[in-house]
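Below is one structure, written out as structure tokens, with a few remarks after it.
The values are calculated or read from the model by the stated rules, or taken from the named source; none is laboratory data. Note that this is a predicted model, so its numbers are computed, not measured. Here Cβ is always computed from backbone atoms with ideal geometry, including for glycine, and neighbour counts include all displayed protein chains. Side chains are part of the model used for accessible areas, which takes the heavy atoms of the whole protein and leaves out ligands, DNA and RNA. Shrake-Rupley method; radii C 1.70, N 1.55, O 1.52, S 1.80 Å.
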Amino acid sequence: MQQKHTIVILNPGHFHAALTLRERHALIDDDVHVFADDGPDVDHFLRLAQSFNERAVNPTRWTLHVYRGADYLQKMISQRPGEVVIVAGRNNEKMPLIHLLHAQGFHVLGDKPWLIESEQIGLLREVTASAPLAMDIMTERHEVANRVQRALVQQPAVFGDFRLDGDQPAIAIRSVHHLCKRVNNRPLQRPAWYFDPAIQGEGITDVTTHLVDLAQWMTGDGARLDFDWHVERLSARQWPTAVPRDIFSRITGLEDFPEILHDRVVDGALPYLCNAALSYRLRGVPVEIETLWGLEEPEGSGDRHHAILRGTKSELIVDQGPQTGFQSLLTINPVEGGKAFFEALTDAVARMQTRFPGLGVAPAGRQCRIMIPKALRTTHEQHFAAVLQTFLAYIDAGTWPGNLGSDLDAKYTLLAHALELSHRAAVIAPPP
């Protein structure tokens with residue numbers, strides 16, 4: 001029988017820490033150890049984790065062993081109840097913490113972003129250079145439409161090569177998120193420090209991390225990635241979303257902006273620097289990325305995502321938004337349509353049945369729709385458990401992809417450089 005892993009959660013401050021425990025897993029012991037500084041952050045984590053135990057359908061059975069105290073880190077290292085540590089807390093502390101844990105021999109699964117300033121790149125490279133395993137939580141790689149989109153990129157008869165000519169980028173990804181949202185069917189309460197860029201970081205090092213990772217994944221073939229060799233023509237900018245006092249109170253549960261944020265408030269609203277746009281070439285492929293943050297998630301809606309990959313034979317378009325019922329939809333727009341292209345696409349999908357059973361193709365005018373069966377679909381919250389499963393499988397195998405470390409290096413080096421570039425550029429108003 002395969003030995004189960006004992007999970008350690010270290011000073012949780014982001015709801016992603018709890019989402020890794022959303023599902024039970026055969027490789028995970030039901031006893032979970034939590035070491036944290038006492039306060040509301042750990043309280044919020046415990047409430048969300050406990051709600052998974054109490055749900056009516058497929059409840060978890062976690063027994064949470066909690067230590068609270070300022071010496072939580074020293075206590076965890078001395079007791080060492082498990083070898084797998086999940087870090088999802090304050091971003092300014094994350095890279096030094098991951099570096100320390102890695103040096104102590106722990107396998108570390110860290111939520112994004114790992115760093116919010118370029119001075120920490122040296123720590124990152126020490127972590128990714130050798131075992132034990134350190135990996136970040138990239139949930140978008142587990143969204144089925146993204147997986148099928150990547151699989152079709154690797155089909156020359158369907159996609160061809162990335163288009164390197166013209167005015168449009170070969171990869172364009174745009175996502176929209178909301179500060180006021182629901183998680184596990186409950187209103188999400190964010191800590192006040194989430195709005196402090198000295199702790200949380202800025203927009204370029206937040207959700208943008210996922211989109212940079214998707215671009216690397218879509219263009220990658222398992223070869224090692226090097227920022228100096230493979231990234232060029234980088235430009236970046238950021239702009240704020242104004243958060244009124246009443247919305248801030250609804251998000252954090254506080255009556256007013258805390259003192260640490262008072263000097264940033266303008267006309268009763270906090271300009272939160274969370275929106276970002278990047279443009280660069282990756283492995284010679286033109287890439288444009290944009291992440292936007294709205295205030296409140298409309299009733300019955302969710303995050304929006306639009307990703308278009310332009311090839312010499314077709315465009316592969318993933319959409320998720322009001323027009324798709326907030327369910328990801330993959331559309332193929334051929335450069336030259338007709339019977340020959342449809343047959344090539346149908347043949348490619350037929351050969352993908354082992355990975356994606358039940359996947360189909362349907363004509364939609366000049367375009368084609370990829371029909372994704374319900375059995376293949378999972379929610380964003382479920383993707384955290386999928387990342388943890390992949391992480392543990394690597395540990396049990398004693399090996400992991402050779403480009404994992406170099407991808408981490410290139411991704412966070414790119415984001416650190418983009419952050420510096422955005423500070424040199426003028427902050428502009430958001431696009432209409």
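The table for this structure:
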quantity: Computed E for D246/T346 - FRET, C-beta separation, R0 56 angstrom, nearest 0.05; calculated: 0.55
quantity: Shape category assigned to the range 1-108 from the gyration tensor of Cα positions, a/c cut at 1.5; calculated: oblate
quantity: For the range 10-25, Karplus couplings with θ = phi - 60° (6.51, -1.76, 1.60), whole Hz, Gly/Pro x; calculated: 10, 6, x, x, 10, 4, 4, 4, 6, 5, 5, 9, 5, 10, 5, 9
quantity: The range 208-298: C-alpha pair distances exceeding 23 Å, %; calculated: 44
quantity: Probe 1.4 Å, accessible area per residue of the range 155-238, Å²; calculated: 44
quantity: Label-to-label distance, nm, for residues given as N333 and K181 (7 Å Cα→Cβ offset); calculated: 2.6
quantity: Distance-filtered residues of the range 249-289 - backbone nitrogen under 19 Å, label point 7 angstrom along E296 Cα→Cβ; calculated: 249-257, 268-272
quantity: For the range 120-221, radius of gyration divided by Kirkwood radius, i.e. Rg to Rh on alpha-carbons; calculated: 1.03
quantity: Hz values of 3J(HN,Hα) by residue in the range 175-192 - Karplus curve (6.51, -1.76, 1.60), Gly and Pro given as x; calculated: 10, 10, 10, 9, 6, 9, 8, 10, 10, 6, 6, 10, x, 7, 9, 9, x, 4
quantity: Label-to-label distance, nm, for residues given as H262 and N403 (7 Å Cα→Cβ offset); calculated: 5.2
quantity: GluC sites (Glu not before Pro) restricted to the range 21-89 and DSSP loop, no more than 16 other C-beta within 10 Å; calculated: E83
quantity: Other-chain or far-sequence residues with amide H under 5 Å of L188's (modelled H); calculated: K181, R182, V183
quantity: Accessible area per residue in Å² at 1.4 Å probe, computed on the range 257-326; calculated: 43
quantity: Long-range HN-HN contacts of Y272 with modeled amide H, under 5 Å; calculated: T241, A242, V243
quantity: Equivalent ellipsoid semi-axes - Cα gyration tensor, the chain, angstrom; calculated: 34, 26, 23
quantity: Net charge over other residues, Cβ less than 12 angstrom from the Cβ of L270 (K, R count +1; D, E count -1); calculated: -3
quantity: Pairwise label distance in nanometres, I77 with M371, each label 7 Å out on the Cα-Cβ vector; calculated: 5.8
quantity: Accessible carbon and sulfur surface of the chain relative to its total accessible area, %, 1.4 Å; calculated: 50
quantity: Phi-based couplings in Hz for the range 303-311 (Karplus 6.51, -1.76, 1.60; Gly and Pro marked x); calculated: 5, 10, 8, 9, 9, 10, 10, 9, x
quantity: In Å, descending, principal axis extents of the Cα set of the range 279-361; calculated: 46, 34, 25
quantity: Loop-located GluC sites (Glu not before Pro) in the range 306-379 whose Cβ has at most 13 other Cβ within 10 Å (DSSP); calculated: E336
quantity: Convex hull volume of the range 258-414 per residue (C-alpha atoms, cubic angstrom); calculated: 223
quantity: Computed over the range 269-322: relative contact order in percent, which uses C-alpha pairs under 8 Å that are six or more apart; calculated: 23
quantity: Contour minus Cα-Cα distance for D29 and A198 (0.36 nm per residue); calculated: 57.2 nm
quantity: Centroid-to-centroid separation of the range 26-88 and the range 256-333 [C-alpha atoms, Å]; calculated: 31
quantity: Stretch gain in nm, segment L164-Y394, where the contour uses 0.36 nm per residue and the Cα spacing is subtracted; calculated: 79.3 nm
quantity: Nonlocal amide H pairs with H5, under 5 Å, H built at 1.01 Å; calculated: I28, D29
